[in-house]
Amino acid sequence: FAGMERIINQRMDAASIGFAAKMKKNTEDIKVQGRYFDSAIPKDLISFGMIPEFVGRFPVIVSTKGLDEDSLVDILTVPKNSLIKQYTFQFALNGIRFHATDCALREIAGMAFRRGSGARGLRSITENILMETMFVVPSVEGVHTVYLDAAAVRGERKPVLLSGAGLTAERFEELMRDGTWEDVEGAELVSLDDGAEDDFGDEAA
């Protein structure tokens, strides 16, 4: 029902002048849209393009609210088959732990929210971020954890691969407070070139 909010806005908040004039509302705001949808009447559906005979069969009209960033983060993590749990399982098939920070989840949710793609956009964003990592990780020896943070989501650098018995994601975060990933022994960035060369070398052999 994209555009329905503008139809309801024209009906409820028609432009006027004087002391009784109403301020123009931002119909792109999901909270404003939600309030308008709550006020939808059959006439608005007809103006939207539905035929009156069809609209007349609706006993009630119920609206839904748009997803905000908090809701998108919940969709990423809470459901039984959420995206983060799916990636955790896929990495675990190769004995790799997947750790996504809270700031990374917020960044992914924020990107989907700004694009206006909603929950459907979460998968494409996450796949673009992790596709290279999933290709490389099985061919890199010693790696036990894939660490995804906001910097990797924004594309400032690749996700970090952790190796070494004592270098957990929690320990890596502690060491990062005093420096960068380059200062941490056992941390390296995902590199497609190295993984691809190894794979091609094995096939040639």
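Which one of the conditions (1) modelled with pLDDT of 90 or more; (2) within 25 Å of the chain's Cα centre (by Cα) does residue 28 fail to meet, given that it meets all the rest?
Result: residue 28 passes all but (1).
Could you say whether any residue in the range 182-194 is open to solvent by 60 Å² or more (accessible area, probe 1.4 Å), more than 26 Å from the chain's Cα centre (by Cα), of a type in the set (A, V, I, L, M) and modelled with pLDDT under 90?
First, pick out the residues of the range 182-194 that are open to solvent by 60 Å² or more (accessible area, probe 1.4 Å): 182-183, 185, 188, 192-194.
Checking the rest, the ones that are also more than 26 Å from the chain's Cα centre (by Cα) come to 182-183, 185, 193-194.
When the remaining residues are screened for being of a type in the set (A, V, I, L, M), the result is none.
Within the range 182-194, not a single residue is open to solvent by 60 Å² or more (accessible area, probe 1.4 Å), more than 26 Å from the chain's Cα centre (by Cα), of a type in the set (A, V, I, L, M) and modelled with pLDDT under 90.
Could you list all residues from the range 97-142 that are touching a Gly at 6+ places or on another chain (Cβ under 7 Å) and polar (S, T, N, Q)?
Residue satisfying the conditions is 139 alone.
The values are calculated or read from the model by the stated rules, or taken from the named source; none is laboratory data. Source: prediction; values computed, not measured. Please note: Cβ atoms are built from the backbone with ideal geometry, for glycine as well, and neighbour counts cover all protein chains shown. Please note that ligands, DNA and RNA were not included when accessible areas were found on the heavy atoms of the full protein model with its side chains. Shrake-Rupley method; radii C 1.70, N 1.55, O 1.52, S 1.80 Å.
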